[in-house]
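Pasting a structure here, questions to come.
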Amino acid sequence: MNSDSRTTFKSKIGIIMAAVGSAVGLGNIWRFPYEAGQNGGGAFLLIYLLCVLVMGIPTLLAEMTLGRMAKTNSVEAFRRVSKHPVFSRIGYLGVLSCLLILGFYTVVAGWTFQYMWESVSGDIVGGTTEQFAQSFVDFSTSPFQPLFWTLLMLVFTHLIIIGGVQKGIERASKLMMPLLFVLLVVLCVNSLMLDGAREGLLFLFKPDFSAIDSGVVLSAMGQAFFSLSLGAGVMITYASYFEKEVNMPRTATTVALLDTSVALLAGIVIFPAVFTFGIQPTQGPNLVFVTLPNIFAQLPWGSVWSFIFFLLLALASITSLISLHQVVTAYVEEEFRVSNRKAALIVTCAAGVLTVFASLSLGVLNDLRVGGMCLFDLLDFVTAKIMMPVGSLLLCVFMGWRLEKSALLNELTNYGTLRWRWAKVFVVVLKYVVPILVTLIFVNELGVFKF
Ligand code: TRP
């Protein structure tokens, strides 16, 4: 595709919303609470926030700058800006990450459909904590039902992708994101009135510094990159559709702020309930799916609330899935010069195979383990804790060291029409801070030395 003829996002709000649509999703509502629960609550939150500020926002901005500069898919973008054989390959890592994330993300997105269904069929209200926990385990480990929802989710994503960038993505995100936000605020108020509110808030907001170890730091960093959709080329691909007037520093900050607020809101909804209903905060990926039904069960019109919530969560997941799919599809389309439809179909089939195995790995294939993890956990671990940080590190090194500084600053400031106070700090952060921090966190986790 010729770079001038790429579709651009229609409106300014559409631009922000599409990026927010990618960032906000299961990462905020499902993954953030479970990671926070497993990693000591307040301590995790503190490091997470630091990671978003120091590494997340700069990396997000770096991706946007590269995307708008290159105006092409995330693999070609690196090539177009640098002829260096090593740097020109960074993009492949991102495409691979997106495909692997699709593998487990679609499965969890499918679960939201099941919970929507259960809200209507009445199963979600009227049980006890143990019953909710048991029914989640029964469902997620069974072979067929989760697969059905997962594949349905994938088909939806596929249809939106072939419907075109502007119409599909923009319309969906503009409408649904604000609604999800409002509903979360309402649920927050409700959770704050529960008996366990104090305990839940203390858990989430009071850092216990003795709980911080290398695992907590790695998890918080991984969550920051994952939640902002970084290190995988998503924002490069999206920004390639940006118009040249977009104020990127402001857009990146807004996206990060909204994304972080959604995660915080989710935490405020979940943790008071966790302590009220006697749920273990450390139980991992099950956490949200056991806690939420308890919350809805004590609300008047519980099944209606539940239905709306899972509907919005499903839609938030779809906008993230679209972004993941779009990265791989744009790459296949432009690299192999096939039609959008064909590229999308290839990606959907590849993702389909992965999701089937990831879903089954929680049940019948659970004994198939690598490093003690089943495929589902492995995909989650490898992408969030290794591939996204490495991708982000390489991107920052590339933008900071390889790209001409004047080219970087020109693009960032819309060729001097925009004044941005932090530009110099930004360059230093790209060149030194992100690469050094990511490396230190990795080395620390390997146990070579301890902080
Ligand atoms: N950020 C999304 C979420 O929090 C998930 C996601 C979408 C993602 N695209 C990504 C994660 C690219 C990493 C890379 O739900």
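The values are calculated or read from the model by the stated rules, or taken from the named source; none is laboratory data. What you see is a predicted model; the values in this text were computed from it and never measured. Here the Cβ positions follow ideal geometry from the backbone for every residue, glycine too, while neighbour counts run over all protein chains shown. For the accessible areas, the whole protein counts, side chains as well, though only heavy atoms, and no ligand, DNA or RNA atoms are used. Shrake-Rupley method; radii C 1.70, N 1.55, O 1.52, S 1.80 Å.
Hey, got the dipole for the chain? About the Cα centre, +1 on K and R Cβ, -1 on D and E Cβ, debye to the nearest 20? Before the final figure, lay out the partial values.
Working: 29 positive and 25 negative charges, 367 e Å.
Around 1760 debye, computed over the chain.
Separate question: For the chain, what is the accessible area per residue in Å², given a 1.4 Å probe and the full set of protein chains?
With the other protein chains kept in place, the chain gives 40 Å² per residue.
How far is helix 12-23 tilted, in degrees, relative to the longest principal axis of the Cα atoms in the chain, given as a value from 0 to 90 rounded to the nearest 10?
The two axes meet at around 60 degrees.
Packing-wise, with mean Cβ within 10 Å as the measure, how do 274-281, 202-209 rank, highest first?
Details: 274-281: 19.5, 202-209: 15.6.
Answer by packing, highest mean first, reads 274-281, 202-209.
Using a cut-off of 19 Å between alpha-carbon atoms, which aspartates and glutamates can reach K431, once sequence neighbours fewer than 8 places away in the same chain are excluded?
By straight Cα distance, K431 reaches E63, E404, E411.
Helix 388-397: angle to the longest alpha-carbon principal axis of the chain, degrees 0 to 90, nearest 10?
20 degrees
What are the GluC sites (Glu not before Pro) within the stretch 322-413 that DSSP puts in a loop, where the Cβ has at most 15 other Cβ atoms within 10 Å?
Working: sites: E333, E334, E335, E404, E411; in loops: E404.
Answer in residue order: E404.
Next up: What's the ranking of 416-423, 104-111, 372-379, 41-48 by average number of surrounding C-beta atoms within 10 Å, highest first?
Packing proxy ranking, top to bottom: 104-111, 41-48, 372-379, 416-423.
Continuing with the same structure: Residues with amide H under 5 Å of V24's amide H, sequence separation 5 or more or different chain, H placed in the peptide plane at 1.01 Å from N; which?
none
Here's a follow-up. Counting helices only, and only those DSSP H runs with n ≥ 4, report the 222 nm mean residue ellipticity of the chain as the sum of -39,500 (n - 2.57) divided by its residues, in deg cm²/dmol to the nearest 500.
The per-residue figure over the chain is -22000 deg cm²/dmol.
Helix 434-446: angle to the longest alpha-carbon principal axis of the chain, degrees 0 to 90, nearest 10?
50 degrees
Give the separation of the Cα centroids, the stretch 217-261 to the stretch 25-47, in Å.
First find each Cα centre; the distance between them is then 18 Å.
Further question on the same structure: Hey, got the dipole for the stretch 347-442? About the Cα centre, +1 on K and R Cβ, -1 on D and E Cβ, debye to the nearest 20?
With Lys and Arg at +1 and Asp and Glu at -1, about 580 debye.
Quick one: net charge of F104's neighbours, Cβ under 9 Å, K/R +1, D/E -1?
Around F104, the charge tally is -2.
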